[in-house]
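Heads up, the thing below is written out as structure tokens.
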Amino acid sequence: MKSHTHYLWFTTKQRQEIIDITEQVAEQVRESGVAEGLALVSAMHITASVFVNDHESGLWADILKWLETTIAPWDAKRYGHNETGEDNAAAHLRSLTIGHEVLVPITAGKLDLGPWQRVFYGEWDGQRKKQPAMVPTDPEHRLIIALSRLEPPAIERPGRHGNALASRDSEV
Amino acid sequence: MKSHTHYLWFTTKQRQEIIDITEQVAEQVRESGVAEGLALVSAMHITASVFVNDHESGLWADILKWLETTIAPWDAKRYGHNETGEDNAAAHLRSLTIGHEVLVPITAGKLDLGPWQRVFYGEWDGQRKKQPAMVPTDPEHRLIIALSRLEPPAIERPGRHGNALASRDSEV
Amino acid sequence: MKSHTHYLWFTTKQRQEIIDITEQVAEQVRESGVAEGLALVSAMHITASVFVNDHESGLWADILKWLETTIAPWDAKRYGHNETGEDNAAAHLRSLTIGHEVLVPITAGKLDLGPWQRVFYGEWDGQRKKQPAMVPTDPEHRLIIALSRLEPPAIERPGRHGNALASRDSEV
């Protein structure tokens with residue numbers, strides 16, 4: 001296969017939520033069979049983000065607080081967008097600041113991440129059905145994990161496994 | 001073809017301007033003939049952005065106001081960069097915040113965007129010739145739309161068209 | 001070759017430092033032999049950035065000052081993350097704002113950058129060994145430059161070299 005596209009759907013419990021999705025991305029890498037390539041992980045919503053950072057809950061709280069106090073306060077009445085009937089203009093600006101996608105290299109069949117890097121989905125406008133009870137709604141968040149393979153499928157040859165300090169070229 | 005590169009040139013009427021370029025990108029996808037792949041849309045200027053968000057004019061006004069009041073006020077005298085004779089330091093910081101490129105997946109020959117996602121060019125330092133009249137100048141803004149195809153060109157087989165909840169692999 | 005991956009290690013002298021890495025990236029493009037393709041340049045740390053902008057030292061000083069005064073003040077005590085014993089929460093937020101990776105198109109064997117665009121590594125939490133003397137430590141900063149080639153290796157045909165206003169398709 002040359003390419004592998006998977007749509008991941010999930011729910012959130014809070015309107016602002018950060019979810020570690022590294023394992024779901026890694027699972028798609030395994031299913032695709034890609035050895036050397038790139039994994040594009042992209043949110044399909046304009047009020048959400050995909051980013052790479054740290055699996056530490058204190059930092060997640062810092063991010064949410066920073067988005068509210070420094071980057072884009074929710075304060076619905078300050079935004080022209082909210083005259084359309086929406087109240088989520090701040091969520092759009094948060095998505096613009098952090099970004100909506102990342103591209104993770106795949107090396108030797110695995111996500112090539114640094115020692116502390118994890119992949120996250122950041123929802124800045126979840127729970128759009130606004131149900132008062134905190135129960136999972138129908139899946140409403142969607143992202144695309146599009147993997148691309150960078151060697152031809154017909155001829156499989158083992159790649160050289162150099163150490164981290166060397167270049168590696170996949171042979172064909 | 002494996003790759004398709006197109007340079008898109010255009011003008012802006014304002015120094016700060018947000019332009020929906022989704023149709024120009026989609027046109028390049030069609031011209032390239034790519035069925036499964038990736039579209040890199042990248043600004044070639046360091047005072048501009050490419051981003052994915054909402055086609056809503058109230059939000060565009062919010063973005064411009066937010067860039068000025070929260071992210072990087074234009075206030076030329078506060079920046080060391082402007083000692084070079086430029087006055088656009090704030091435009092560089094706006095480009096850094098929102099980013100200068102996006103990578104859009106191509107699935108079944110179309111940009112694979114979520115229901116409200118559109119692709120935009122954000123000019124933060126246009127009209128550099130500083131003509132007082134609001135007339136189009138010579139094309140001054142350039143971005144590269146580099147499309148990559150992820151299956152071999154020699155053998156064309158119809159892809160499976162699964163529903164949104166399934167993975168899709170392009171067969172070769 | 002279809003893909004080429006290189007791990008670049010380097011040191012910084014300051015805790016906050018901006019380094020022009022365009023030549024190192026260009027060198028990897030040459031070594032890879034890729035004519036048409038994409039260069040992913042990605043930091044492997046969650047407190048660093050990779051970005052495209054201007055080679056102008058006044059702007060670099062502006063960026064560092066802006067990160068401190070506007071985006072994420074270092075002020076260690078304001079962040080929950082720092083209760084873990086770290087003091088670098090602000091560096092995480094700076095990485096989120098500017099981003100940790102860029103994807104540069106490769107056209108006719110060269111990085112396809114605009115007239116003023118350069119590629120930078122931004123370290124927001126360097127010198128982690130906290131040696132008082134400003135001497136290079138063991139290499140501690142790592143990024144991955146993952147290049148992908150977008151035409152098959154077996155058949156090399158010269159690409160058409162159109163002018164900037166035309167599309168170019170690499171022929172196979």
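What follows draws every value from the coordinates through simple rules; no lab data is involved. Owing to the predicted nature of the structure, the values given are computational and were not obtained by experimental measurement. Cβ atoms come from the backbone with ideal geometry, glycine included; neighbour counts cover every protein chain shown.
Along Cα→Cβ, 7 Å out, is where each label goes; now give me the distance between the ones at C:GLN14 and A:TRP116 in nm to one decimal.
Rounded to a tenth, the inter-label distance reads 2.1 nm.
Classify the range A:1-137: rounded, prolate or oblate, from the alpha-carbon gyration tensor (a ≥ b ≥ c, eigenvalue square roots; a/c under 1.5 rounded; otherwise prolate if a/b is larger than b/c)?
Because a/c hits 1.5 or more and a/b exceeds b/c, the range A:1-137 counts as prolate.
Return the subset of A:LYS13/B:LYS110; B:LYS65/C:LYS65; B:LYS13/B:LYS77; B:LYS65/C:LYS13; A:LYS110/C:LYS13 for which the Cα-Cα distance in this structure is over 30 Å, preserving the input order.
A:LYS13/B:LYS110; B:LYS65/C:LYS13; A:LYS110/C:LYS13
Read phi for every residue in the range A:107-116 and hand back ³J(HN,Hα) as whole Hz from Karplus 6.51 cos²θ - 1.76 cosθ + 1.60, θ = phi - 60°, with x for Gly and Pro.
Calculated HN-Hα couplings, in order: 10, 6, x, 10, 4, 9, 10, x, x, 10 Hz.
If packing is taken as the average count of other Cβ atoms within 10 Å, what order do B:6-19, B:114-127 fall into, highest mean first?
Sorting B:6-19, B:114-127 by mean packing, highest first, produces B:114-127, B:6-19.
Between A:HIS55 and A:ASP87, what is the FRET efficiency for a Förster distance of 35 Å, r being their Cβ-Cβ separation, to the nearest 0.05?
FRET efficiency, A:HIS55 to A:ASP87: 0.70.
For label points placed 7 Å from Cα toward Cβ, what is the shortest-first list of nm distances from C:SER57 to its copies?
4.7, 4.8
What does the average come to when, for each residue of peptide A:100-107, you count the partner chain Cβ atoms lying within 10 Å of its Cβ?
6
Using the 7 Å Cα-to-Cβ label point, sort the distances from B:GLY85 to its equivalents in the other copies shortest first and give them in nm to one decimal.
So the label point of B:GLY85 gives 5.4, 5.4 nm to the other copies.
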